[in-house]
1. Rg/Rh for the stretch 307-404: what does it come to with C-alpha atoms and Rh from Kirkwood?
2. For Asp134, what residues show an amide H to amide H distance below 5 Å, using hydrogens built from the backbone and excluding near sequence neighbours?
3. How much space per residue, in cubic angstrom, does the convex hull of the C-alpha atoms of the stretch 351-455 take up?
4. Which number do you get for Rg(Cα) / (2.2 N^0.38 Å) in the stretch 344-391?
5. Kindly identify the stretch 317-370 as rounded, prolate or oblate by the Cα gyration tensor criterion: order the square roots of the eigenvalues as a ≥ b ≥ c, call it rounded if a/c is under 1.5, otherwise compare a/b with b/c, prolate if a/b is larger, else oblate.
6. Would you tell me the accessible area of Ser156, worked out with a 1.4 angstrom probe on the heavy atoms of the protein chains, in Å² to the nearest 10?
Amino acid sequence: MAMATRGFVFYLLSGFSVAITLSVLFLNSNVGSHSNERIFLSSSNSVTEKVWPKLEFSWRIVLATVIGFLGSACGTVGGVGGGGIFVPMLTLIVGFDTKSAAAISKCMIMGASASSVWYNLRVPHPTKDVPILDYDLALLFQPMLLLGITVGVALSVVFPYWLITVLIIILFLGTSSRSFFKGIQMWKEETDLNQELAKQNETLVNSHGELLIDAEYEPLVPREDKSDLEILRFNLSWKNILLLIAVWASFLLIQIVKNDVAPCGIWYWALFFSQFPIALGVFGYEAVKLYTEHKKRTQYICGASIEWTPMHIAFCAFCGILGGTVGGLLGSGGGFILGPLLLEIGVIPQVASATATFVMMFSSSLSVVEFYLLKRFPIPYALYLMAVSVLAGFWGQYFIRKLVAILKRASLIVFLLSGVIFASALTMGVVGIEKSITMIQNHEFMGFLGFCSSQ
């Protein structure tokens with residue numbers, strides 16, 4: 001049974017990845033053959049073409065709906081969003097230009113994340129009498145993730161396309177393989193634990209199971225059953241949520257004002273660097289809190305013993321900025337770094353998925369509001385695909401968590417995370433390599449661009 005389930009998950013993820021890649025290869029030569037609405041916007045330096053296909057029933061919209069639903073369902077369960085799948089899908093299958101595809105991708109990530117957060121708020125913690133969302137980790141990573149996104153967006157106009165492609169392939173394959181091996185390790189541990197429990201249950205050496213506690217899935221102490229409303233209220237920490245919203249609103253206000261000032265002017269740089277004290281202030285507050293508590297006693301978060309030393313805290317800051325930078329470069333939510341990182345530091349998969357999705361909801365919604373004000377995406381298409389992602393996020397969480405509870409295998413979440421990252425590496429890698437080859441054949445400039453001249 002265990003081998004069959006693991007084989008099913010492996011072939012499902014492999015098939016999903018290969019199907020997306022074949023779609024990319026097949027449709028890349030045919031994109032643009034359907035009706036598009038082309039809008040030309042003049043700027044002081046160049047003319048940018050927006051390609052917005054009409055929202056009408058066709059095999060393209062059906063295929064995009066299927067891929068969007070599966071990508072959102074698997075991405076939110078894994079806590080990675082799925083932006084690496086959505087952007088190639090929107091450009092090569094639907095026919096959007098790259099910038100519009102990145103904007104709609106953010107809408108899909110926001111919709112899937114919001115519905116997943118709503119589902120998770122109504123779910124109790126699997127092992128402890130604490131909220132399913134780890135607000136300490138959210139406050140630690142969210143400001144650095146938002147800061148990294150602004151840096152990534154700035155670097156995206158400077159870095160050559162081939163370099164971004166190389167970085168994507170290396171980073172995604174590294175995190176995907178690391179998560180996959182982490183999942184295999186968890187699978188073996190769960191198999192040993194389930195076999196031991198089965199043997200002890202067969203011999204009836206225990207008294208109704210009081211001494212046979214599965215630390216991964218069963219509560220350590222007896223808990224009273226709570227209603228859905230009680231669980232929802234328990235999982236909501238309004239003080240921390242309001243602080244996260246304040247950070248989100250501060251970054252949003254800065255971005256809105258910065259878009260209306262001249263690039264590379266005094267006010268531009270003043271607004272750009274004003275984001276650093278906001279992010280570092282909130283991060284420093286949470287870091288000092290965790291470090292102080294660690295000095296007083298061994299700090300346990302989400303069932304994992306974490307040593308909050310200065311080195312570990314600095315590492316978390318670096319990973320938060322790195323995840324945001326990758327998100328800014330790709331148009332994703334930064335979960336490709338945050339999800340594997342939470343697993344790496346010892347957070348159990350259920351809580352890692354819920355917390356990463358919660359943080360992504362803030363980062364993606366920040367971009368959606370900004371893109372809306374800049375009129376970067378067509379409203380009908382965004383609403384349709386966001387509705388698909390909302391349904392996918394909710395039902396993906398429902399199905400996978402039921403499967404985890406039945407099979408007692410939280411490693412399924414880790415395998416989904418690894419599969420989505422691997423699929424993103426394939427799609428983004430294929431698209432990036434093909435575009436780079438085309439640029440070489442056309443003798444286009446492939447070096448670093450000037451920051452100010454590219455704005």
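The values are calculated or read from the model by the stated rules, or taken from the named source; none is laboratory data. Being a predicted model, the structure only gives us computed values, none of them experimental. What goes into the accessible areas is simple: the full protein's heavy atoms, side chains included, and nothing from ligands, DNA or RNA. Shrake-Rupley method; radii C 1.70, N 1.55, O 1.52, S 1.80 Å.
1. Details: Rg = 15.8 Å, Rh = 15.3 Å.
Value, to two decimals: 1.03.
2. Thr355
3. On the way: hull volume 17.1 nm³, N = 105.
Hull volume normalised by residue count: 163 Å³.
4. Working: Rg = 14.3 Å, N = 48, 2.2 N^0.38 = 9.6 Å.
Compared with the compact-globule rule of thumb, the stretch 344-391 sits at 1.50.
5. Numbers: a/c = 2.74, a/b = 1.53, b/c = 1.80.
It comes out oblate by the Cα gyration axes.
6. 40
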